[in-house]
Amino acid sequence: MTRKTIPYWIRLTAGGLIVAVLTQVLFSDLDLIERWHAFAVDHEDWELDELPLIFLTLLIYVVVNLARHLGRAADLNADLHQEVCNREVAEAELKEAISARDAFFAAMSHDLRTPINGIKGFAEIMRNETFGPIGNEKYREYAIDIHRAASLLDGTVGQVLDVSRMYREGELKVAVEEIDLCSEIRICRDMVAGWTRADGPVSVKLECRSAIILFDQALIRRYIVNLLTNALKYAGPDAEISVRVVPDADGGIRLTVKDTGVGVDSAQVGRLTKAFSRACTNKHEYIEGAGLGLWIVKKIADAHGCGLEIDSAVGEGFSVAMTVPADRVLRPSGDCLTEAA
Ligand SMILES: Nc1ncnc2c1ncn2[C@@H]1O[C@H](COP(=O)(O)OP(=O)(O)OP(=O)(O)O)[C@@H](O)[C@H]1O
Ligand SMILES: [Mg+2]
């Protein structure tokens, strides 16, 4: 609420005039004006008569302007004070909203993930026929479908939570850990092994030069899993999926996740790293996704000072390459390990 008062400079000028009148009334017996007049007459050739008028005019001018500027400063000060109060209120409301949002995400993470994990777990038991054969082949297929759908849902919830955390923290905070890149890649491949494609189990070919890099462990996993699940979701049947780690000319290393699948129009590649962006193609129409995976992948690469290159063309597969700079490579790529799973 803004305070409405008489402008300060009017109040000050009025105050000044009152003081001037009072001075004249109280000190009139000093007869200053007569004395000045006598002095001016004695020194007629100095032409002093005009001076008091000029001084008075100048004085009034200075006082009025001073008062006006002081008044303006006081008004600005009052507005500033009001603004500070408003901001304090807004800040308190924002803090409240942020803690409500954090509580919401924490509850969402728990309340959604717990039942999803339950569904996934039981579907897996049925799919693997752990307690004996299912009998009817159709039921086995349904169990596989339930497991795949629950995994997708789990992935989407994970993406949304990740994105909210990244937005919340602004700049992505990364831990500096010594990571054996090839063993992380193998762990990630095992993590997505349960993501069997509709047409059967998938093989992910590895071609890794062993390398120790400085990276955030949770984030390198998030990075690789995102790209592998994309390849599993979009590449299509018969596509080969591979992960390669090779040294580059500058002492860094290049990690490439590639598939030989359907790919996307090369003109669309540039915008796929924007949040909620998906390729416009009828090939992906029925594949679920929020359009956040590549956004997260780019954030992770940026936060570690790594370059990211995405290449694709229709019918020519999809490849994402991250260049880890030399100052993040502790042990340069060594022995080559090639395996298919
Ligand atoms: N390997 C790939 N082959 C073909 N298209 C791909 C491939 N990877 C990504 N895309 C295209 O890029 C889009 C963006 O991928 P991104 O991982 O960001 O989102 P998403 O997979 O749709 O959803 P999310 O990862 O959030 O579950 C996808 O919707 C798809 O159209
Ligand atoms: Mg994705």
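The values are calculated or read from the model by the stated rules, or taken from the named source; none is laboratory data. Being a predicted model, the structure only gives us computed values, none of them experimental. Neighbour counts run over all protein chains shown; Cβ positions are idealised from the backbone, glycine included. Heads up: the accessible areas ignore ligands, DNA and RNA and are worked out on the full protein's heavy atoms, side chains in. Shrake-Rupley method; radii C 1.70, N 1.55, O 1.52, S 1.80 Å.
Before moving on, here are some points about what is shown:
- Members of segment 286-303 that are over 12 Å from Ile220 (Cα atoms), under 14 Å from the mean Cα position of the chain (by Cα) and near ligand 1 (Cβ under 9 Å from one of its atoms): Leu292, Trp295
- When segment 233-272 is limited to residues that are within 14 Å of Lys283 (Cα to Cα) and in contact (Cβ under 8 Å) with a residue 60 or more places away in the chain, the one that is nearest to ligand 2 (Cβ to nearest atom) turns out to be Tyr234.
- Tally, over segment 311-322, of residues that are among the polar types (S, T, N, Q) and touching an Asp or Glu at 6+ places or on another chain (Cβ under 6 Å): 1
- Some residue of segment 293-304 being away from ligand 2 (no atom under 16 Å from the Cβ) and over 29 Å from Glu177 (Cα atoms): no
- Condition check for Val324: more than 13 Å from ligand 1 (Cβ to nearest atom) and more than 24 Å from Arg148 (Cβ to Cβ): yes
- Within segment 174-205, tally of residues that are modelled with pLDDT of 90 or more, under 25 Å from Gln159 (Cβ atoms) and either β-branched (Val, Ile, Thr) or part of a strand (DSSP E or B) (or both): 4
- Scope segment 201-239; condition hydroxyl-bearing (Ser, Thr, Tyr) and either over 20 Å from Glu178 (Cα atoms) or touching a Leu at 6+ places or on another chain (Cβ under 7 Å) (or both); matching residues: Ser203, Ser210, Thr229, Tyr234
- Some residue of segment 110-128 being touching a Phe, Trp or Tyr at 6+ places or on another chain (Cβ under 9 Å), free of Cβ contacts under 8 Å to residues at least 12 places away in the same chain and open to solvent by less than 80 Å² (accessible area, probe 1.4 Å): yes
- Residue pairs whose Cβ atoms lie under 6 Å apart, sitting 6 or more positions apart in sequence or on different chains, and linking a residue in segment 220-232 that is basic (Lys, Arg) to a partner that is assigned to a helix (DSSP H, G or I) and more than 9 Å from ligand 1 (Cβ to nearest atom), are Arg221/Cys188.
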